[in-house]
Amino acid sequence: MTASPHHGTEAATRTGAAAPPADQRRPAAPFGGPVPPVVAPAGAGGDLDHADVPAGSVTVVDGVDPVAIAAARRHGLPVVANLGERPELAAAAVAAGADGLWLDTPSTAAAGQVREAATRLAPLVRPAVPGTLEGCRAAIDAVDAVLATLLEHRVALAGRVQRLKPVGGHAGRDPRREAAIVAAMAERAPSLSSEALGRIVTAIIEAGLDAAEADMSGEPPVWRL
């Protein structure tokens, strides 16, 4: 895969070409945050419009090949993956290490799809602890977005479990199963004590059971699976 300018702009440094000297580069667009920004046509709902990315400020790589994205870093510029008109490639681009996501589709729905995929995945594949208060808060917001998405999915799965168990709801809680969940989480969260994790798991389980019981009682479901 190679990099190329896009639709009348000159926002890319071509892969394979020498990067412009540092004193000739325009100021870089705001890349490098916890979630790669979406660069979309004007009015399409991107974090940046195509015209907002100065010429020579980024290297644009066509596609989501991780080898091409890694090689493009030799220019010393943020690497932006060109998704063209395929927003479904966003997650693969984030996983491959792209610093930004270029979209040619003039659609707010497509930009939203790309942003949501980046938001859900980026904190998992590029954990970071920024050096500023603002940066740390932005990173926390990104992690919280992932936590919320996973909680939504967990609640949906727990609701399905309640329909499969002989006794569902709060009456069917399994202390041994809950203890095993806490032990497994403790291996991935060594900074938290088992007691603290136990409180977190209990709160999550009880909230999920409340949602499941509300759904079984005829209330509208509060999750999407």
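Looking at this structure, is GLY100 surrounded by 13 or more Cβ atoms within 10 Å (Cβ to Cβ) and in contact with an Asp or Glu (Cβ under 9 Å, 6 or more places away or on another chain)? Spell out the reasoning first.
Working: surrounded by 13 or more Cβ atoms within 10 Å (Cβ to Cβ): yes; in contact with an Asp or Glu (Cβ under 9 Å, 6 or more places away or on another chain): yes.
It is true that GLY100 is surrounded by 13 or more Cβ atoms within 10 Å (Cβ to Cβ) and in contact with an Asp or Glu (Cβ under 9 Å, 6 or more places away or on another chain).
Right, VAL146: in a helix (DSSP H, G or I), closer than 23 Å to GLY32 by Cβ and either modelled with pLDDT of 95 or more or in the same structural domain as ILE204 (by TED's automatic domain parsing) (or both) or not? Explain how you work it out, then say what you get.
Numbers: in a helix (DSSP H, G or I): yes; closer than 23 Å to GLY32 by Cβ: yes; either modelled with pLDDT of 95 or more or in the same structural domain as ILE204 (by TED's automatic domain parsing) (or both): yes.
Considered against the rule, which asks whether it is in a helix (DSSP H, G or I), closer than 23 Å to GLY32 by Cβ and either modelled with pLDDT of 95 or more or in the same structural domain as ILE204 (by TED's automatic domain parsing) (or both), VAL146 comes out as yes.
For the structure I just gave you, tell me whether ALA138 is aliphatic (A, V, I, L, M), touching a residue at least 40 places away in the same chain (Cβ under 8 Å), assigned to a helix (DSSP H, G or I) and within 30 Å of GLU206 (Cα to Cα). Write out each step before concluding.
Details: aliphatic (A, V, I, L, M): yes; touching a residue at least 40 places away in the same chain (Cβ under 8 Å): yes; assigned to a helix (DSSP H, G or I): yes; within 30 Å of GLU206 (Cα to Cα): yes.
Yes.
Just need a number here: residues in region 30-73 that are modelled with pLDDT under 95, assigned to a loop (DSSP other than H, G, I, E, B) and more than 18 Å from ALA111 (Cα to Cα).
Final tally of qualifying residues: 5.
Could you please let me know if ALA117 is free of Cβ contacts under 8 Å to residues at least 40 places away in the same chain, of a type in the set (Gly, Ala, Ser) and touching a helix residue (DSSP H, G or I) at 6+ places or on another chain (Cβ under 6 Å)?
yes
Looking for whichever is assigned to a helix (DSSP H, G or I), crowded, with 24+ Cβ neighbours inside 10 Å, in contact with a helix residue (DSSP H, G or I) (Cβ under 7 Å, 6 or more places away or on another chain) and at negative phi here; the options are ALA95, ALA90, ALA81. Which one fits? Show your work before the answer.
Numbers: ALA95 fails: crowded, with 24+ Cβ neighbours inside 10 Å; ALA81 fails: assigned to a helix (DSSP H, G or I).
Selected residue: ALA90, the only one of ALA95, ALA90, ALA81 that is assigned to a helix (DSSP H, G or I), crowded, with 24+ Cβ neighbours inside 10 Å, in contact with a helix residue (DSSP H, G or I) (Cβ under 7 Å, 6 or more places away or on another chain) and at negative phi.
Hey, does region 166-186 have a residue that's closer than 28 Å to GLY97 by Cα and in a helix (DSSP H, G or I)?
From region 166-186, those closer than 28 Å to GLY97 by Cα are 185; that's our starting set.
Among the residues that remain, those that are also in a helix (DSSP H, G or I) are: 185.
Yes, some residue in region 166-186 is closer than 28 Å to GLY97 by Cα and in a helix (DSSP H, G or I).
In the list PRO106, PRO123, which residue meets the criterion of being in contact (Cβ under 8 Å) with a residue 60 or more places away in the chain, closer than 22 Å to LEU48 by Cα and not in a helix (DSSP H, G or I)? Spell out the reasoning first.
Numbers: PRO123 fails: not in a helix (DSSP H, G or I).
Checking each option against the conditions leaves just PRO106.
Per-residue answers, yes or no, for (1) farther than 30 Å from GLY43 by Cα; (2) free of Cβ contacts under 8 Å to residues at least 40 places away in the same chain; (3) over 16 Å from the mean Cα position of the chain (by Cα):
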{"residue": "GLY112", "(1), (2), (3)": "no, no, no"}
{"residue": "PRO127", "(1), (2), (3)": "yes, yes, no"}
{"residue": "ALA148", "(1), (2), (3)": "no, yes, no"}
{"residue": "ARG199", "(1), (2), (3)": "yes, yes, yes"}
{"residue": "ASP215", "(1), (2), (3)": "yes, no, yes"}
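The values are calculated or read from the model by the stated rules, or taken from the named source; none is laboratory data. Because the structure is a prediction, the values reported are computed rather than measured. Note that we place each Cβ from the backbone using ideal geometry, even for glycine, and neighbour counts take in every protein chain shown.
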